[in-house]
Amino acid sequence: MKIFVKLFMMIVLSHQLFSFGLDEIAKNFAHKDFQGEFVGKRESQSLQLYPPVFGQFELKSTGLTLMVKSPLSMGIKISNGIYMQNSTGWQEIPLAIDKRLLLELLKMNFSTLKKYFTLQINGTQKYWELTLIPKEEDIKKRIKEIKINGGTFIQSIFIKEVNGDQNQVVLKNVKFYDKK
């Protein structure tokens, strides 16, 4: 009887482990808006030190808004363009592929990400790690890999650059956005 119970448990657990994948992650992010706080850190191979960046974010189907609180107070919007807030309002700045891909990454838009990266997923639905390895030559020139950790929400994004620099964004107090 004990062998039967152990065998049954192994089958049930193995099904849960092997059935987990990108589709399960995508379900958490489909048609949902999120908001929360972020902390960004950059480690550079040069001697230059970068202060941590703190602020709030809001991710809607229409785009991403970052309200940086420290070390400088500023706003950044990424939607059909990239905009920076100044004293006269929002001003468009030239597009950078990294910013557009960041938006696709935060939305977990795997159909777009698969065009630019090889995706490797490990873990369970409660805690997973997604590794993105660039396929595109333009991206390969700057990014070695991206690791995203999460559960219901993305918890952290770690970007390792080819030059040895590293960027980490930690998302905190993330919750579904109230669409009222």
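Could you tell me which of the residues Ile121, Ile148 is part of a strand (DSSP E or B), of a type in the set (A, V, I, L, M, F, W, C) and surrounded by fewer than 19 Cβ atoms within 10 Å (Cβ to Cβ)?
Exactly one residue qualifies, and that residue is Ile121.
Filtering segment 151-180 down to residues that are at pLDDT 90 or above and in a loop (DSSP other than H, G, I, E, B), which residue is nearest to Phe117 (Cα to Cα)?
Val162
Looking only at segment 141-167, which residues are within 23 Å of Gly21 (Cβ to Cβ) and among the basic types (Lys, Arg)?
The answer is Lys147, and nothing else.
Being in contact with a strand residue (DSSP E or B) (Cβ under 9 Å, 6 or more places away or on another chain), of a type outside the set (A, V, I, L, M) and at pLDDT 90 or above is the requirement here; does Lys144 meet it?
Considered against the rule, which asks whether it is in contact with a strand residue (DSSP E or B) (Cβ under 9 Å, 6 or more places away or on another chain), of a type outside the set (A, V, I, L, M) and at pLDDT 90 or above, Lys144 comes out as yes.
If you go through segment 85-94 one residue at a time, do you hit one that is closer than 26 Å to Lys175 by Cβ, in a strand (DSSP E or B) and at pLDDT 80 or above?
Within segment 85-94 (the criterion being closer than 26 Å to Lys175 by Cβ, in a strand (DSSP E or B) and at pLDDT 80 or above), the answer is yes, since at least one residue qualifies.
The values are calculated or read from the model by the stated rules, or taken from the named source; none is laboratory data. Keep in mind the model is a prediction, meaning the values are calculated, not measured. Note that we place each Cβ from the backbone using ideal geometry, even for glycine, and neighbour counts take in every protein chain shown.
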